Structure formats: C-alpha cells, structure tokens
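Data first, discussion second: the structure below is written as structure tokens.
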Amino acid sequence: MYQKVLAYFAHICAIPHGSFHTKELFSYLTQELENLGFEVRSDKAHNIYAKKLDSTHNKPVCCLQGHYDMVCVGTAAHKAPIETYTEQLGDTQYLRARDSSLGADNGIALACMLALGEKMSNFEVLITNDEEVGMLGAKDLQMLIESDVLLNLDSEDINEIVLGCAGGVDINARSHPTPTCRIYPHAFVIRSQGFVGGHSGVDIHKNIPNAIVEFAHFLIDKPVQILSFRAGEKRNSIPVGVECVVLADENFCKYANTMFAITPLKSSAQLESTTQSESSAQSPAYAPEILSPIIALHSGVYEIESSSKSVIDSLNLSCARLQDGALELDLFARANDDDKLERMQRRIYTLLGAFGMSVESSDFYSAWKRNINDDDEILDTLKQLYGANGITPHITQIHAGLECGILGQRLHDLHKPSPTKILSIGPTIDFPHSAKERLNLNSLRAFVAILEGIVQHLGAKI
C-alpha cells in the first residue's frame, strides 16, 4: 500500500490547493472517492464526508480525518504544481519539494485515505477545508460522522500518539496614542536581524527571542521619535521581522547592535519609499513610551505541567504595527485547558486596558481534552502496532492546535448520539509550512502499516 500512497500524493501535489483556493482539489477528492465506491457528500464549508460499507456492515468502524488545504510557500504560492524529489541523508530517505513547501501537511493523510479506500471498506473519512487559516472548515462543520472512533491523521511525529492539544484565541489590542512635536532632524530605518522565529505552540518553550519584544526593550530608552513600524509575520509564529522609521539626531547609528541594524534615510524620497507608510514624511511622530504595553507583556510560557514537563499555558505576541495614527498588537494565547485560556484573556484585557488600549478576542477554540484511558483497548492495539514496526510511541498532549477539540465540540453540538474517542497519529514531517518541509519516508512506510493495521483491527474488511 506504501507505493499507492506515494502515487496518490503525487496526484495531490500536481493540484494547487492553498488555503482559500481548494476548489480543484475538492473536485478531485470527491470524484476519486466516488470512483472508489464511497458515498460522498459535502457541506457549505466544502468539508468532505465519505463512507464505504459492504453488505455485512450498517455502520463504519472508524473515521479517518484530515484537511485538504496547505500552507503555500515558494512556487506553491504562485499556484504552480509541486515538483517533488527524494533526498537521502544517512539511513533516512526524505521526500521534498523543489523551491516550495511540500504540503505533506496534510496531503499525505489524504493519500493514505484513498489508498485504503482501494483496499478496504466499512470505514468513513472526514476531510475538512481551510484548516491552516483558523480551522474554518471544522468550525463550520454541518455533517455528523457515524462511528465512535476518530483517527486524526495530522500529527507530524511518528514517535507520538497524541491524545490532547491546546485550545487558542486571537487577541487584538488597539489604541490611538497622542503624537508629539518633531524635535529631531534626521530619519533612520531600524531593521531586525538574526532572529530565527519558530512555531508559537511547539517551539514556545525554547526561549526563542521574540523580535517585537526585543525591539521594544531596545528602543524604549533611546532619544528618538517613532514615525511608523510594522513587525511580525503570522498569528501562530514567533516573530522575526521588524522595520521601524524613526527621527533622531545624526549620531543615532551608534545604537546599532547584533539584533537591530540602523540605516540613515538621506532624503524625503527615501523616507516616502519605505514600506511603513506612503506618507512617512508627513506622518506624526510618537515618543518611544508608546511601546510600554509591549514591555509590560510577557510573551512566552506561563505554566508547565509538573509531571510531564509539557507547556500548558502560553502567550505569543505575534504582530505589531503603528500606522495611520493607531498602535495595534496581535496576540495568540494557547492553553490545554479552557479555564486557563479564559484567565489569559482576562489578564490581557486588564493589563492592556490599563494602558488605554481597547481589546477584542476572536476565533476562540476549545482545548482538546484527552478522553482515552491508559488501558483503552484501541490505544493498547496501537502501541502493539507501533512496536511491531520498531517504535515505542510517546503518549502525549501537545501545545499546538489540531482540529480534534473543535470537531469533538461540533459533533456534540450536532447531537451525535454517542461519545467519540479521538486519537491523532501521523508520519514524521520536518519543517512544515516552509520550503524546507520534508516527509520522512522511513516513517511513512511504518505509518502506512500502522494505519492499515488499526483500521483492520477495528473491523474494516479487505
């Protein structure tokens, strides 16, 4: 089945399917599932549900779940087909994309579903849309699954069986600071350098410097006036980039260091051509004290569980900008418990409110709380299958977001008649969402065997 999986994945790579641009892959998947004998339907969010039963079953034995959009970086961002190649590093073979993200997150799950559909029946699949941009499909799911076991195939480490994950909420704060009279004659642009960034969930415990926080500490006590700045990249990444236009005296370049480069702007034309503002030469100037809310924030880990040493509560200052007279901060809070997530929101509302900022929350999604016991028969079988493939899996709850918590809540809201056991597994995918993304083919071979084994154990028929 391993070769079938790779063949289906090659078809998927040939179809552009970035978030919000999934129509063509939707058509391919629905048609292919129908060709394999599945009964297929969809909802208004373009989630795909399909089931395949033989004459001996009236209910699927399990549901395989994944998503069909991808984060497009490099050539994939231009809706070009993904060109793949293999790379051998030591004893490990990888599948990579040429100058592009690979989309193994989560295209490899789709390929596994289709390959299983060629071989087996009596299971169902749920493929959600636009997961990478806020789990939109899962949040708007209008279709029930029938089975009582849901296997999410979106984990990215073959050595883990995931039984829980963090919930999250976006927090936006905004103020209109009072400008000051310009007192400095020279303009400069400050740019960050050397920051490495990372995922705001799985990397938040690594003490990776946050470029926005470091920028605020760098500038707060300098003799300077701020014209504009923009910092950060995405809500779920530790920020790397900062670019700020300031006014200062002619010797301001002496403050440059390994984290922040300073370049003089020699003319009004240079000032106007910066990316910060179309009219920087006429923009109001602000004292560096407007950065005080950033200084007061703690962006990073708030709580670690004592037994597992896992992060269970964190906050990431993702983006910041000063433009058109408004200062805005974008934050992303995560917690493996909804009460902790509510407490974080309350903390941020109180703290930033004290600085005169208006604060709003959006896109709250609940934590996925483990509902699988240590002695659960399905978990025990999975462990045996992993062991048969030379792997001793780590049973874990991660501090990143998966759709599982949202799906569990949606199924409850849609009045699913019985509780659903949810587990998440997957092959190893390194550097997802980047042009360095690579799929560990050694792990994929093991994963295909494990997946086939657990589906067959649950009652699917060849």
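Only the coordinates and a few stated rules stand behind these numbers; no lab work does. Fair warning: this is a prediction, and the values are worked out from it, not measured in the lab. Virtual Cβ from ideal backbone geometry, glycine too; neighbours counted across all protein chains shown.
Multiplying the residue separation of Gln282 and Met259 by 0.36 nm and removing their Cα-Cα distance gives an extension gain of 5.4 nm. Dividing the Cα radius of gyration of the range 169-364 by its Kirkwood radius returns 1.00 for Rg/Rh. Modelled spin-label separation between His57 and Glu39, with each label point placed 7 Å from Cα along the Cα-to-Cβ direction: 1.3 nm. Taking square-rooted eigenvalues a ≥ b ≥ c of the alpha carbon gyration tensor, is the range 1-151 rounded, prolate or oblate, where a/c under 1.5 means rounded and, failing that, a/b exceeding b/c means prolate? Since a/c reaches 1.5 but b/c is at least a/b, the shape of the range 1-151 is classed as oblate.
Relative to the longest principal axis of the Cα atoms of the chain, helix 377-388 runs at roughly 90 degrees.
Among Glu437, Glu39, rank each residue by its count of other Cβ atoms within 10 Å, from fewest to most, as a rough exposure measure.
Values: Glu437 24, Glu39 12.
In increasing order of surrounding Cβ atoms, one gets Glu39, Glu437.
Can you compute the FRET efficiency between Val202 and Glu250 using 1/(1 + (r/R0)^6), with r the Cβ-Cβ distance and R0 = 56 Å? Round to the nearest 0.05. About 0.80, to the nearest 0.05. Close Lys pairs in the range 169-364 (alpha-carbon distance under 30 Å; sequence gap of 8 or more, or different chains): 11. Relative contact order for the range 169-364: 33 percent, from Cα pairs under 8 Å spaced at least 6 residues apart, divided by residue count. Of the trypsin sites (Lys or Arg not before Pro) found in the range 1-70, those in coil by DSSP whose Cβ has at most 11 other Cβ atoms within 10 Å are Lys44. Between Glu24 and Gln142, the modelled label-to-label distance comes to 2.7 nm, taking each label 7 Å out from Cα in the direction of the beta carbon. Across the range 327-462, the mean sequence separation of Cα contacts (distance under 8 Å, 6 or more residues apart), normalised by length, yields a relative contact order of 21 percent. Relative contact order of the chain: 23 percent, from C-alpha pairs under 8 Å at least 6 residues apart in sequence. With a Förster radius of 45 Å applied to the beta-carbon distance between Leu351 and Ala388, the computed FRET efficiency rounds to 0.30. Based on DSSP H segments of at least four residues, each scored -39500 (n - 2.57), the chain has a per-residue ellipticity at 222 nm of -8000 deg cm²/dmol. The angle between the Cα long axis of helix 104-119 and the main principal axis of the chain comes to about 10°, on a 0 to 90 degree scale.
What does the convex hull of the Cα atoms come to per residue for the chain, in Å³? List each step's numbers first, then the result.
Working: hull volume 72.4 nm³, N = 462.
Residue-normalised Cα hull volume stands at 157 Å³.
Note on the range 351-462: Kirkwood hydrodynamic radius from all Cα pairs is 17.4 Å, rounded to one decimal. Projecting label points 7 angstrom from Cα along Cα→Cβ for Asp375 and Cys181 puts them 7.9 nm apart.
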